[in-house]
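Notes follow the structure.
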Amino acid sequence: MSAINPRRWWALLVLAAAQFMVIMDTSIIGVALPEMQKDLGFSQGELQWVFNAYVIAFGGLLLLGGRLSDLLGARKVFTIGWVVLIAGSIVAAAAQSATVEVVGRAVQGVGGALIAPSAMTLLMMLFGHNPKELGKAMALYGAAAPAGGTAGVFLGGVFTEWLSWPWVFIIYVPIGVATLAASGLLPAVAGRRGGVDVLGAVAVTAGLALAVFAVVRAPEVGWGSTGTVLELVGAAALLLLFFVVQKAVREPLMPLGIWRVPRLGSANLAMTLLGAAWIPMWYFLNLYLQQVLGFGAFESGAALLPMTVLLMIFMTAITARLMAKFGAKPLIGGGLLVLAAGLLWLSAVEPTGTFVVDVLPASLVAALGMSLAYIPTMMTAMSGAPQEQAGMASGIVNTTYQVGSALGLAALTAVATSQGAGRLGNLPALTDGFSAAFIWAAVIAAVGGLVTLLAMRGDKAAAAAAGQADSASATEGERAGV
């Protein structure tokens, strides 16, 4: 490949379309959940698997996707990822049972885990030769992330209301086929020799899945039951095996030495708690709008647009500038505390509430907190890493966000169910359950904010990186979801 690819800007459109669709996959299902629940027979507690199956597969295999991109060639892995995502979308759209739906969502997550890191590698191949062009390309590529999240919220409502919920998956088929047809615009670079840490990938993904499964079942079978205890012990053993394997193999998915990078540990802790607070809020807010306030799918999607538009504006235009002025630490800690305040406000929802009073102002406060915290957390995790480890640091912090999202949603679903959220049709009980979930999400966010402000080291390097973040901030916002 020549140093400058004459078709690089057309290739960027292909990559941006991929970014748009991968992020839309995390948001488009939200307003469709109640209809899927009715048609496929999900219980209130099991419904979270429509989201968590994707997140676990995506988060658990993200590092493996990056490794395969290096070994097999980024364009090849990019195209394989799209084939897998299309296949998963077809299965999810055609599902006639809850089990098949969950399988389809997991396959979609595998596809996303192959697409995301290979797309970033291809972008660097296309524009890495020119820092000025790279900044423009990162800004355009990054803008596709919040745009995809916003479009997903809106289109999910449109498809579910006027067509049917399978269309939230069918849409991926024609767009995926078009992306594959245009993949010839992408640079083809041979992979390199090396090993694949399959055991590590299986251990971390299976450990995470088993932990979530145990937490989901615990309210039904009992937290002290033999089954729950064995499942949690098994999950811990699998995750321990992952770290043992990383230390033993020659080419691990996650070299443990990277944890010596300054602030990487504290940034990942903040990101885990951010995901554990934000994603349950988004999930239960969708259910409150439809199951308590009686909104239709389209109304619910439209109700969430103000929050997603605020996220898009801040992540693409404002947060990085604030970071350059104040540094990352106060934005991360302060953002988490603002998110906690919004969640606490949401916990006051009423069975006879209204969108304007009970949802809109509190959701905007929560979205403000998320938009303040996410980008600085990502940049802090990456700022101390040497250039050759920056991609690994980015992959780890994206993975911890997915892990926090999955475990947080599982735990807070258990809390909500125990407080009445499983009693469909009983509006006071449902509201009590959702309110309890919002309260505990607020606690998680508040703990994250306080720990950050008290324990995170100074962030001069992260603040210095904010100039680059101004153009790349939305790119690193790609896992925020909505």
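The values are calculated or read from the model by the stated rules, or taken from the named source; none is laboratory data. What you see is a predicted model, and the numbers here were worked out from it, not measured in a lab. Methodologically, a virtual Cβ is constructed for each residue, glycine included, from the backbone with ideal geometry; neighbour enumeration extends over all protein chains shown.
It is to be established whether one or more residues within segment 311-321 are modelled with pLDDT of 85 or more and among the aliphatic types (A, V, I, L, M). The answer is no, given that none of the residues of segment 311-321 is modelled with pLDDT of 85 or more and among the aliphatic types (A, V, I, L, M). Collect the residues in segment 192-204 that are modelled with pLDDT under 70 and under 28 Å from the mean Cα position of the chain (by Cα), keeping them in residue-number order. Answer for segment 192-204, where residues must be modelled with pLDDT under 70 and under 28 Å from the mean Cα position of the chain (by Cα): just Gly195.
Table: residues versus (1) acidic (Asp, Glu); (2) touching a Ser or Thr at 6+ places or on another chain (Cβ under 8 Å); (3) in the same structural domain as Thr400 (by TED's automatic domain parsing); (4) more than 28 Å from Leu126 (Cα to Cα).
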{"residue": "Thr179", "(1), (2), (3), (4)": "no, no, no, no"}
{"residue": "Gly184", "(1), (2), (3), (4)": "no, no, no, no"}
{"residue": "Pro187", "(1), (2), (3), (4)": "no, no, no, no"}
{"residue": "Glu220", "(1), (2), (3), (4)": "yes, no, no, yes"}
{"residue": "Leu238", "(1), (2), (3), (4)": "no, no, no, yes"}
{"residue": "Gln246", "(1), (2), (3), (4)": "no, no, no, yes"}
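Among the residues of segment 405-425, those that are under 13 Å from Gln44 (Cβ atoms) and of a type in the set (S, T, N, Q) comprise Thr413, Thr417, Ser418, Gln419.
Gly294 meets all of the listed conditions (1) in contact with a Pro (Cβ under 6 Å, 6 or more places away or on another chain); (2) outside any helix (DSSP H, G or I) but one, namely (1). Taking the conditions (1) at pLDDT 80 or above; (2) more than 19 Å from the chain's Cα centre (by Cα); (3) in a helix (DSSP H, G or I) in turn, Thr121 satisfies each one other than (1). For the structure I just gave you, tell me whether Asn286 is under 23 Å from Thr431 (Cα atoms), assigned by TED's automatic domain parsing to the domain that holds Lys329, out of contact with any strand residue (DSSP E or B) (no Cβ under 6 Å at 6 or more places or on another chain) and touching a residue at least 12 places away in the same chain (Cβ under 8 Å). Yes, satisfied. All told, Leu208 falls short of being more than 21 Å from Ser405 (Cα to Cα), among the hydrophobic types (A, V, I, L, M, F, W, C) and in contact (Cβ under 8 Å) with a residue 24 or more places away in the chain. As a summary of the residue check, Thr431 satisfies the conditions (1) more than 24 Å from Ala206 (Cα to Cα); (2) among the hydroxyl-bearing types (Ser, Thr, Tyr); (3) within 17 Å of the chain's Cα centre (by Cα) except for the one numbered (3). From the list Gly109, Gly60, the one residue that fits, being assigned to a helix (DSSP H, G or I), at pLDDT 80 or above and buried (at least 23 other Cβ atoms within 10 Å of the Cβ), is Gly109.
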